[in-house]
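Since the structure comes first, as C-alpha cells, the remarks are kept for the end.
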Amino acid sequence: MLNFYPSKAKRTVALMAVLLILLVCASCQPRREVRLTGKTMGTTYHITVVAGLLTSTGTLQKKIDARLAAINRSMSTYDPNSEISRFNAIASVEETFSPSADFLDVLEVASELYRLTDGAWDGTLDPLINLWGFGRKGAVHQVPADDRIVQALCHVGFDRIERDPSGRMRKTDPAVTLDLASIAKGYGVDAVARLLGDEGLTDFVVEIGGEVYARGHRKDGKPWRIGINRPDRDAAFNEVYKAVPLTDQAMATSGDYRIFFQIGEHAYAHILDPRTGRPVTNGVVSASVVAANCTVADGLATALMVMGPEKGVALVDRLPGVACLIVTRQPDGSLKDHPSSGFVLH
C-alpha cells in the first residue's frame with residue numbers, strides 16, 4: 001500500500017529547508033530607510049532606521065513616544081507633577097526623595113560631569129536660568145541686578161544634593177533646585193537608541209533637538225554623517241559648518257547662537273557660567289562632543305562652552321573615547337576651530 005504522507009524525518013527536513021529559504025530571503029531583501037518624527041522635551045525628534053522591506057514599524061513610533069513621555073514626566077521642569085518638580089518643591093534638609101531609575105541614571109552621569117569639569121557643568125543653575133529669562137518663568141529680556149545674581153548663586157552647587165547608597169536624594173540647602181535640560185535630551189536619545197536595539201534594529205540614527213546617536217551604517221553601507229550647524233545667529237538650521245562621520249557613537253553640540261536676547265550691541269546667551277552666574281564671555285560660540293553615549297556628550301558640550309578651548313580640549317584629551325570641536329569667534333568676526341586630538345572630520 002502506497003503511503004502518501006511523508007515521514008516525520010522528511011517533514012522536519014522540509015520545514016528546515018523552508019525556514020532557511022525564508023532567512024536567506026530576509027537577509028537579501030532590499031533595504032529601505034524609514035523616517036519617524038515627533039515632538040518631545042519642547043523640541044522635535046527625527047529618527048532614521050534602515051530596515052528590510054518586510055520589517056514592520058507600525059508600533060515602533062508608539063513605543064518611542066511612550067518612552068520619551070516617561071522621561072519627560074521625570075525630568076521636565078515645565079511639568080509641576082514631574083519628578084524633578086516634586087524634588088525642587090522640597091523645602092527641608094531632612095526630607096528624602098526616592099528617584100526613578102531614569103532620574104537616578106541621569107543624576108549619576110550629572111555627578112560625574114560636575115566632578116570632571118570642576119563645576120563648569122552644574123545641574124543646579126535653575127534659579128539663575130529663570131532669573132535670566134531662559135527658564136520656565138518666561139523671558140524678561142533684561143540684565144538682572146548684581147545683588148539678585150549674588151543671591152541666586154548662594155543656592156547653586158551640585159554638591160548641595162546628596163545621595164545615599166540606595167540612591168535616595170536629600171538637599172543640604174533647602175533652596176537648591178535642579179534643571180537637567182542640558183543633559184536630559186541626550187539621555188532621551190540614548191533611551192530611544194536602546195529601545196531600537198531591543199527591537200532588533202542595527203542601523204539607525206536618533207536625533208532629539210540636535211543631539212544625536214548613530215548605530216551601524218546608512219543604507220549604502222557608509223557611516224552616518226552628522227552636520228554641525230554653522231554657529232552664526234543668522235545661519236539657517238540646516239546650514240552645515242562641519243560634517244562628522246558617526247558609527248556606534250553619539251554627538252551633541254551646544255552653542256550661543258540660538259537662544260539669546262540682545263540689548264543694544266550686546267547679546268546675552270543662555271549658557272551660564274556657574275562661577276559668575278552670568279552668560280559666558282570667553283569667545284566660545286559652539287562646542288561639539290563625540291562620545292560613546294549622548295548623555296555624556298550633551299552635558300560635556302555645555303561644560304566646554306564654559307571652560308573655553310584650552311581647558312576644554314585638555315580635559316577631552318584625557319577622556320578615553322571622547323573627542324570634541326570647540327569653535328571661537330575671533331575679534332575680526334572669523335571662526336577658529338579648536339579640535340581635540342581624536343576629532344575626525346570628513
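Every number in this text was worked out from the coordinates using simple rules, so none of it is lab data. Values in this document were obtained by computation on a predicted structure and should not be read as measured data. Here the Cβ is made from the backbone with ideal geometry for all residues, glycine too, and neighbour counts use every protein chain on show.
As a size descriptor, the averaged projected area of the C-alpha convex hull of region 216-329 was calculated at 7.9 nm².
Put simply, the amide H of N229, placed in the peptide plane, has neighbours under 5 Å in Y241, leaving out anything fewer than 5 places away on its chain.
Scoring 315-325, 112-122, 281-291 by mean Cβ neighbours within 10 Å over their residues and listing the highest first yields 281-291, 112-122, 315-325.
The slack between A145 and E108, meaning 0.36 nm per residue of separation minus the straight C-alpha distance, is 9.9 nm. Each Cα pair under 8 Å and six or more residues apart adds its sequence gap; the mean of these over the residue count of the chain is a relative contact order of 15 percent. Our summary of shape: the Cα atoms of region 75-188 have principal axis extents of 42, 31, 29 Å, ordered from largest down, in whole angstrom. Taking other Cβ atoms within 10 Å as a rough exposure proxy, I263, I71 sort from fewest to most as I263, I71. For region 295-332, backbone nitrogen atoms closer than 20 Å to the point 7 Å from D232 Cα along Cα-to-C-beta are found at 326-332. Rg then Dmax, both in Å and based on the Cα atoms of the chain: 24.0, 104. Taking amide H positions as modeled 1.01 Å from N, with prolines and chain starts lacking one, no residue 5 or more places away or on another chain lies under 5 Å from E211. Just add up the charged neighbours of G221: K/R +1, D/E -1, any other residue whose Cβ is under 12 Å from the Cβ of G221. Once positives and negatives cancel, what remains is +2. Among the listed pairs K222/K242; K39/K62; K311/K336; K39/K219; K137/K311, which have their C-alpha atoms separated by more than 22 angstrom in this model? Too far apart for the 22 Å limit: K39/K219; K137/K311. Of the peptides 143-151, 200-208, the ranking by mean beta-carbon count within 10 Å, highest at the top, reads 200-208, 143-151. Evaluating 6.51 cos²θ - 1.76 cosθ + 1.60 at θ = phi - 60° for every residue in region 171-187, the Karplus couplings come out as 8, 9, 10, x, 8, 6, 9, 9, 9, 9, 4, 7, 9, 5, 4, x, 5 Hz, glycine and proline recorded as x. Were the residues from T276 through R168 laid out at 0.36 nm apart, the gain over their Cα-Cα distance would be 35.9 nm.
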